[in-house]
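Below you'll find the structure, written out as structure tokens, and then a few comments.
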Amino acid sequence: LNKETNPEYRICQLADHLLSPSAALKDWAVRYWQLPEQKIKILPNPISADEQLFSVPISNRPQTICFIGKLTVLKGMMALTPAIKEILLGHPDYKMIIAGRDEALSNAVPSMKARMLHQLEAVKDRVVFTGAVEKEKVLDILSQSRVCIVPSLWENYPNVVLEAMAAGCTVAAAHRGGIPELIEDGKTGLLFDPLKPSSIVKAIDQLLNDEPK
């Protein structure tokens, strides 16, 4: 797209100072929009996590993995889908909750959910699609899950990572955008390549196999 016709770009050009929630977005703006680096300051988005997240039990949770987000290519569904199948086949006591609005993949494929269900036929009895959910339901899903997967091809400063951490839910996420600014790989979560199902499977297997028996 022609950046000169992009209203966001034009506004950024006119601004004296800009704030970016992540270093990743600042770097993008400097590289692709050629905005002056000194014009942009990094200020992470504030988050006020629901107090109930901090009080939910961490142990003895259901054997559940969750994904929360729109069902789109950008959110990582293309690699996540085959990864889910392999994960569930390897961990038969686990189920997967997929919470988010279904969207079209293309004019020829009007439902990402339908495409995913077709690929997940072998484990469909352990995959739950909730559709779009209210915030209260998101908190409930996180508090009832052991692992939250964030496989997005790009994220700026995703609240779901912080909310999952607040809920005591281990996070496995893509090494893209601002996510590595929130997760220290191997210490506060695990990072993977969102284009490779095998990378997603490896991260989840590591988390599940390291759980106390």
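The values are calculated or read from the model by the stated rules, or taken from the named source; none is laboratory data. All values derive from a computational prediction rather than experimental measurement. Glycine gets a Cβ as well: all are built from the backbone with ideal geometry, and neighbour counts include every protein chain shown. The protein model used for the area step is the full one, side chains on, heavy atoms only, and it has no ligands, DNA or RNA in it. Shrake-Rupley method; radii C 1.70, N 1.55, O 1.52, S 1.80 Å.
Checked against (1) crowded, with 16+ Cβ neighbours inside 10 Å; (2) free of Cβ contacts under 8 Å to residues at least 24 places away in the same chain; (3) in contact with a Pro (Cβ under 7 Å, 6 or more places away or on another chain), LEU35 passes all but condition (3).
Take the conditions (1) aliphatic (A, V, I, L, M); (2) modelled with pLDDT of 95 or more; (3) in contact with a helix residue (DSSP H, G or I) (Cβ under 7 Å, 6 or more places away or on another chain); (4) surrounded by fewer than 18 Cβ atoms within 10 Å (Cβ to Cβ); ILE47 misses just one of them, which is (2). Does GLN13 fit the bill of being over 19 Å from HIS175 (Cα atoms), assigned to a helix (DSSP H, G or I) and open to solvent by 50 Å² or more (accessible area, probe 1.4 Å)? Criteria met by GLN13. Say whether the condition of being farther than 22 Å from GLU86 by Cβ, surrounded by fewer than 16 Cβ atoms within 10 Å (Cβ to Cβ) and of a type in the set (D, E, K, R) is met by at least one residue in region 159-168. No, region 159-168 has no match at all. All of ALA173, ALA122 fail the test of being among the hydrophobic types (A, V, I, L, M, F, W, C), in contact with a helix residue (DSSP H, G or I) (Cβ under 9 Å, 6 or more places away or on another chain), closer than 26 Å to PRO92 by Cβ and surrounded by fewer than 15 Cβ atoms within 10 Å (Cβ to Cβ), apart from ALA122. The set of residues in region 16-32 that are assigned to a loop (DSSP other than H, G, I, E, B) and surrounded by 13 or more Cβ atoms within 10 Å (Cβ to Cβ) comprises PRO21, SER22.
Among (1) more than 18 Å from LYS113 (Cα to Cα); (2) of a type outside the set (S, T, N, Q); (3) at pLDDT 95 or above; (4) open to solvent by 20 Å² or more (accessible area, probe 1.4 Å), which single condition is LYS85 missing? That leaves (1) as the condition not met. For LYS41, indicate whether it is without any contact (Cβ under 8 Å) to a residue 60 or more places away in the chain, under 30 Å from PRO197 (Cβ atoms) and basic (Lys, Arg). Against the criterion (without any contact (Cβ under 8 Å) to a residue 60 or more places away in the chain, under 30 Å from PRO197 (Cβ atoms) and basic (Lys, Arg)), LYS41 does not qualify.
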